[in-house]
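A quick write-up on the structure given underneath.
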Amino acid sequence: MNSSDQIDQFLSRVTSHIRSKEAKELVDRELRSHIEKRIRENKDKGSSHVEAATLAVEQMGSPSSLGRVMNQLHKPKVDWLIIGLFSLLLGAGMMPVLFFTPWMGGSSYSLISGKLLMSAVSLAVVLGIMFIDYRRILKAWPLFYWGSLSLLILFFISGNFYNGQVFFRLGDHIRIDSWFVAMLCIIGLVGLVTERKGKKYFPLTVTAAVWVPALFFGTFGSISVSILYLFTAMTILIVSLKNKREIFKLAAIQVGSAFFGLCWMLLILPGYQLRRLQYWINPNSYPGSSEAYIPNILQGFLDGSVMFGRGDSGLSLNLLNEYIFVGIVYNFGWIPASVTAVLLIGLLIRMFIITRKTADRLGMMIVTAGVTVMIFSTSWNLLMMFGILPIVTFPLPLISIGLTSHVIFAVFTGLILSVYRRKDIVGSQTAAG
């Protein structure tokens with residue numbers, strides 16, 4: 001047997017103990033490199049090529065033992081903590097739904113079944129995406145980005161408007177709205193920034209990629225979507241920058257774009273949203289007006305809450321949507337609400353930790369995008385409940401009612417789990433490269 005066949009046979013016996021196909025290829029390259037290095041060392045000591053190869057293979061140890069070690073080292077990982085916290089939060093979101101049902105008559109069944117459907121779809125999306133290689137998904141970034149722009153143009157031509165949101169329906173049950181399109185834009189932007197094609201015109205290209213969708217969202221009156229998209233996009237850009245020259249160049253362009261973009265949004269902002277903003281800045285500007293109604297109601301519920309809740313059924317169904325945290329505080333008390341908040345914050349912290357453990361640049365960028373979306377939506381939702389930020393439509397992740405928001409947060413959670421699942425394999429490839 002020649003030295004090449006001897007090495008191939010040894011590596012075949014090692015990789016037979018490794019389940020992941022991608023890990024097999026990685027381990028084969030790593031061990032082959034080590035064997036070749038030892039062959040050179042043995043030849044320098046006076047051995048022939050065949051003797052050096054035989055000795056190098058023997059020095060690697062038992063192929064069975066080495067294969068089992070490599071399988072443990074490079075096998076795909078599952079972050080059960082994130083999956084567990086995700087599931088618990090879906091369960092926490094069921095509490096207000098179950099509480100309201102005795103007073104809702106015929107609509108109670110549809111509300112419960114709807115929430116169960118949202119939870120089941122969310123878990124299916126998370127687990128499904130986790131098993132897909134995120135690099136394959138992000139390779140299709142042009143499809144995500146240009147597809148989202150096509151949807152925005154379709155919204156502009158024939159979209160339906162309701163409660164400050166634009167959407168259109170596919171059949172009787174599927175609704176595509178500006179939140180869903182923003183998710184597609186963010187995934188597309190991650191791919192664009194990571195690939196960095198056309199470096200000469202990259203600052204202008206990425207500026208257009210950021211501000212064109214944001215202005216579309218603002219034109220539709222989806223101010224919350226526009227704010228979330230801009231904040232996430234800017235975070236992605238900041239994380240992606242590599243040197244001071246890039247930072248200053250891109251910052252100058254973004255500041256100029258922000259000035260014109262914000263002026264445009266203020267000009268086209270619907271009157272009721274502008275009055276809400278003015279009321280938040282100066283509560284005395286609209287005393288006794290409709291703009292003061294929601295903040296006063298929310299503050300009244302919070303002021304009347306106790307440690308373990310009042311169990312009052314006379315609350316608005318809107319407290320199952322973006323105001324759901326106030327509903328939990330009022331109906332179940334500060335302690336159950338605090339537990340829910342701790343679960344949500346724990347999920348966000350765990351996701352943030354993954355950004356620090358990800359060596360692959362693409363993986364780090366998509367985790368950063370997902371964490372930013374989750375943290376920003378959570379922070380705004382909770383802070384506006386206490387009057388610190390103005391009232392706009394920001395769902396509380398996995399708690400608020402809404403299939404679209406559930407799917408969006410599930411998609412980003414699934415992508416984060418996909419990155420974590422492959423971090424040891426892709427990280428080793430990055431280091432080797």
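The values are calculated or read from the model by the stated rules, or taken from the named source; none is laboratory data. A quick note: this is a predicted structure, and the numbers were derived from the prediction, not measured. Cβ coordinates were reconstructed from backbone atoms using ideal geometry, including for glycine residues, and neighbour counts include every protein chain displayed.
Brief remarks follow.
- Selection within the stretch 361-399 - surrounded by fewer than 23 Cβ atoms within 10 Å (Cβ to Cβ), part of a loop (DSSP other than H, G, I, E, B) and in contact (Cβ under 8 Å) with a residue 40 or more places away in the chain: Phe386, Gly387, Leu389, Pro390, Ile391, Val392, Thr393
- Within the option set Thr378, Thr355, Thr393, being at pLDDT 90 or above and either in contact with a Ser or Thr (Cβ under 9 Å, 6 or more places away or on another chain) or hydroxyl-bearing (Ser, Thr, Tyr) (or both) holds for one residue only, Thr378.
- Count of residues meeting criterion [in a loop (DSSP other than H, G, I, E, B) and modelled with pLDDT under 80] in the stretch 401-433: 1
- The residues of the stretch 42-62 that are of a type outside the set (A, V, I, L, M) and out of contact with any Lys or Arg (no Cβ under 8 Å at 6 or more places or on another chain), listed by number, are Asn42, Lys43, Asp44, Lys45, Gly46, Ser47, Ser48, Glu51, Thr54, Glu58, Gly61, Ser62.
- Looking across Ser158, Ser178, one residue alone is modelled with pLDDT under 80 and of a type in the set (Gly, Ala, Ser). It is Ser158.
- In the set (1) in contact with a Gly (Cβ under 8 Å, 6 or more places away or on another chain); (2) over 23 Å from Leu389 (Cα atoms); (3) of a type in the set (Ser, Thr, Tyr), Tyr330 fails one condition alone, (2).
- Tallying residues that are at pLDDT 85 or above and more than 15 Å from Ile324 (Cβ to Cβ) within the stretch 90-125 yields 8.
- Count of residues meeting criterion [outside any helix (DSSP H, G or I) and among the aliphatic types (A, V, I, L, M)] in the stretch 77-99: 1
- When the criteria are applied in full, Leu344 meets the requirement of being of a type in the set (A, V, I, L, M) and either surrounded by fewer than 17 Cβ atoms within 10 Å (Cβ to Cβ) or touching a Ser or Thr at 6+ places or on another chain (Cβ under 7 Å) (or both).
- Summed over the stretch 41-59, residues that are part of a helix (DSSP H, G or I) and either β-branched (Val, Ile, Thr) or surrounded by fewer than 16 Cβ atoms within 10 Å (Cβ to Cβ) (or both) total 9.
- Residue that is assigned to a strand (DSSP E or B) and of a type in the set (A, V, I, L, M, F, W, C), where the choices are Phe167, Phe155, Phe144: Phe167
- Flag for Lys37 being out of contact with any strand residue (DSSP E or B) (no Cβ under 8 Å at 6 or more places or on another chain), free of Cβ contacts under 8 Å to residues at least 40 places away in the same chain and either in a loop (DSSP other than H, G, I, E, B) or not assigned by TED's automatic domain parsing to the domain that holds Gly414 (or both): yes
- Pick from the stretch 210-231, criterion β-branched (Val, Ile, Thr) and surrounded by 24 or more Cβ atoms within 10 Å (Cβ to Cβ), ranking: nearest to Phe144 (Cα to Cα): Val210
- Residues within the stretch 201-227 that are among the aliphatic types (A, V, I, L, M) and closer than 15 Å to Leu152 by Cβ, tallied: 7
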